[in-house]
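What follows is a set of notes on a single structure, which appears directly below.
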Amino acid sequence: MQTYELQQKILALKQQTGLKILAHSYQAHEIIEIADAVGDSFQLSKTARDCEGDKILLCGVRFMAETAKLLAPEKQVYLSAEEATCPMAEQFTPEEILREKAKHPGCAVVAYINTTAALKAVCDVCVTSSSADRIVRALDAEEILFIPDRNLGDYVRRLVPEKKIHLLQGGCPVHAAVTGEELAHAKQLHPQAEVLVHPECRPEVTQNADFVGATSAILEYARKSEKTEFIIGTEQNIVTALQYDCPDKRFYLLSKKLFCADMRLTTLADVYNMAQAIADGTAEEITLRAQEQGARHAIDEMLRLGG
Ligand code: 13P
Ligand code: SF4
């Protein structure tokens, strides 16, 4: 089936079932085109909670679908590619985090949203890359255990120096693979370009960028900027999205390593198959075990403190 034909079939299924499709901005362009909402993980969480209808299909990775289910337990939530997970989400077990917390009595445990629901359940509050510094600043606790992304944690440390932030050795294998040398090389090739990077990148990259921000912030900055050339330090599909939106500007990918295999697992055919299965009543819903439902508190706190 052609892309256009598949898209038309998905749109018809959406109308038939009342399904809402929520897509992370890293998804392929043909998926973004048929989505009801596109955004970074913070925006998707809020949309899952607030959108009308009782069925949500998440195009992204598992923790995003779990978060949607936590925030909208009354809705049926589905993930378009069953096996799409974020490798960072599974880097620590709840037991390891509880042991770590015991070393810092009185600290608040702050979990990046890219974690499993079971892990969130033992934490005080979640953050996304767009809300991390705001939330850490707003917490009463002076001492923070920030898990699992050391790079995002280090970035927050620089923005909120008044708090004592303990870090673990976790992180995004995609963003953390980019080196300062690659950045220097990209700047040499494109000396006029502004450098926009995600805070999951190493400090040697974020400290030498013109702008550091979550996916949505990078998109907004580049769209509004009067500059015409940009080096982009986040998933390749953001370069594609920006090039569609701003044909008069030029976007260069900071490193070929910026390819998230898990985010790319979802195809338009997967979305169609899942939408059809939902219509047929045969699709498997996201369900949460009792210990995972304890994660709701940390997500609610994120939305309360992060606006
Ligand atoms: P955002 O919160 O910027 O969407 O980040 C999610 C993610 O997985 C980045 O790699
Ligand atoms: Fe996880 Fe990194 Fe992929 Fe984002 S880009 S989903 S943090 S592995």
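Filtering segment 143-170 to residues that are in a loop (DSSP other than H, G, I, E, B) and either touching a residue at least 60 places away in the same chain (Cβ under 8 Å) or within 15 Å of ligand 1 (Cβ to nearest atom) (or both) leaves PRO148, LEU168.
Within segment 123-147, restricting attention to residues that are open to solvent by less than 10 Å² (accessible area, probe 1.4 Å) and closer than 16 Å to SER41 by Cα, the residue that is nearest to the chain's Cα centre (by Cα) is THR128.
Taken over segment 97-120, the criterion of being over 16 Å from GLU143 (Cβ atoms) and either open to solvent by less than 70 Å² (accessible area, probe 1.4 Å) or within 16 Å of ligand 1 (Cβ to nearest atom) (or both) is satisfied by TYR112, ILE113, ASN114, THR115, THR116, ALA117, ALA118, LEU119, LYS120.
If a residue must be within 20 Å of GLY306 (Cα to Cα), in contact (Cβ under 8 Å) with a residue 40 or more places away in the chain and out of contact with any Ser or Thr (no Cβ under 9 Å at 6 or more places or on another chain), how many such residues does segment 86-115 contain? Can you show your working first?
Start the filter on segment 86-115 by keeping residues that are within 20 Å of GLY306 (Cα to Cα), which leaves 107-115.
Right, trim to in contact (Cβ under 8 Å) with a residue 40 or more places away in the chain and you get 107, 111-115.
Okay, now just the ones that are also out of contact with any Ser or Thr (no Cβ under 9 Å at 6 or more places or on another chain), so 107, 111, 115.
Number satisfying all stated conditions: 3.
Residue selection: LYS75 satisfies the criterion of being away from ligand 1 (no atom under 15 Å from the Cβ), basic (Lys, Arg) and open to solvent by less than 70 Å² (accessible area, probe 1.4 Å). Annotation: ASP40 fulfils all but one of (1) away from ligand 1 (no atom under 15 Å from the Cβ); (2) at pLDDT below 95; the unmet one is (1). Can you name every residue in segment 227-264 that is hydrophobic (A, V, I, L, M, F, W, C) and either away from ligand 1 (no atom under 13 Å from the Cβ) or more than 15 Å from the chain's Cα centre (by Cα) (or both)? PHE230, ILE231, ILE232, VAL239, ALA241, LEU242, CYS246, PHE251, LEU253, LEU254 - these are the residues of segment 227-264 that are hydrophobic (A, V, I, L, M, F, W, C) and either away from ligand 1 (no atom under 13 Å from the Cβ) or more than 15 Å from the chain's Cα centre (by Cα) (or both).
The values are calculated or read from the model by the stated rules, or taken from the named source; none is laboratory data. From a predicted model like this one, the values you see are computed outputs, not experimental measurements. With ideal geometry, Cβ positions are generated from the backbone for all residues, glycine too; neighbour counts draw on all protein chains shown. All accessible areas refer to the heavy atoms of the entire protein, side chains included, with ligands and DNA or RNA removed. Shrake-Rupley method; radii C 1.70, N 1.55, O 1.52, S 1.80 Å.
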